[in-house]
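Student: I have a structure I would like to understand better, so I am pasting it below and will then ask my questions one at a time.
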């Protein structure tokens, strides 16, 4: 249950970050290394849930947590794509 709450909290921050990148077309202050490491962490969480299925009574919650991991992974990956798309804008300004 706490893992799901953690994933929801993390998941609420990524859309704002993505929106800012799309609105400004600047990625100043973003770290591709950080986003890559977070993506690896989310992928590891998904693999862990798949390879170590919970007891039958917690199976439904585990599915929702996998979905939350996948959504977060998708948002971070999209933000990373935006970083590489818009980093040239930073180079022009500098």
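The values are calculated or read from the model by the stated rules, or taken from the named source; none is laboratory data. Nothing here was measured: the structure is a model prediction, and the numbers come from that model. Every residue, glycine among them, receives a Cβ derived from its backbone with ideal geometry; neighbour counts consider all protein chains shown.
Student: Quick check: anything in segment 67-84 at pLDDT below 90 and touching a helix residue (DSSP H, G or I) at 6+ places or on another chain (Cβ under 7 Å)?
Tutor: No, the conditions are met nowhere in segment 67-84.
Student: Residue check, residue 48 against (1) in contact (Cβ under 8 Å) with a residue 60 or more places away in the chain; (2) under 17 Å from the mean Cα position of the chain (by Cα), all met but one. Which one?
Tutor: If we test residue 48 against (1) in contact (Cβ under 8 Å) with a residue 60 or more places away in the chain; (2) under 17 Å from the mean Cα position of the chain (by Cα), just (1) comes out false.
Student: Hey, another quick one. Does segment 37-53 include one or more residues that are under 19 Å from residue 89 (Cβ atoms), surrounded by 12 or more Cβ atoms within 10 Å (Cβ to Cβ) and out of contact with any strand residue (DSSP E or B) (no Cβ under 8 Å at 6 or more places or on another chain)? I'd like the intermediate steps shown before the answer.
Tutor: Initial filter on segment 37-53 (under 19 Å from residue 89 (Cβ atoms)): none.
For segment 37-53, residues under 19 Å from residue 89 (Cβ atoms), surrounded by 12 or more Cβ atoms within 10 Å (Cβ to Cβ) and out of contact with any strand residue (DSSP E or B) (no Cβ under 8 Å at 6 or more places or on another chain): absent.
Student: Scan segment 56-77 and give yes if some residue there is in contact (Cβ under 8 Å) with a residue 24 or more places away in the chain and in a loop (DSSP other than H, G, I, E, B), otherwise no.
Tutor: No, that holds for no residue.
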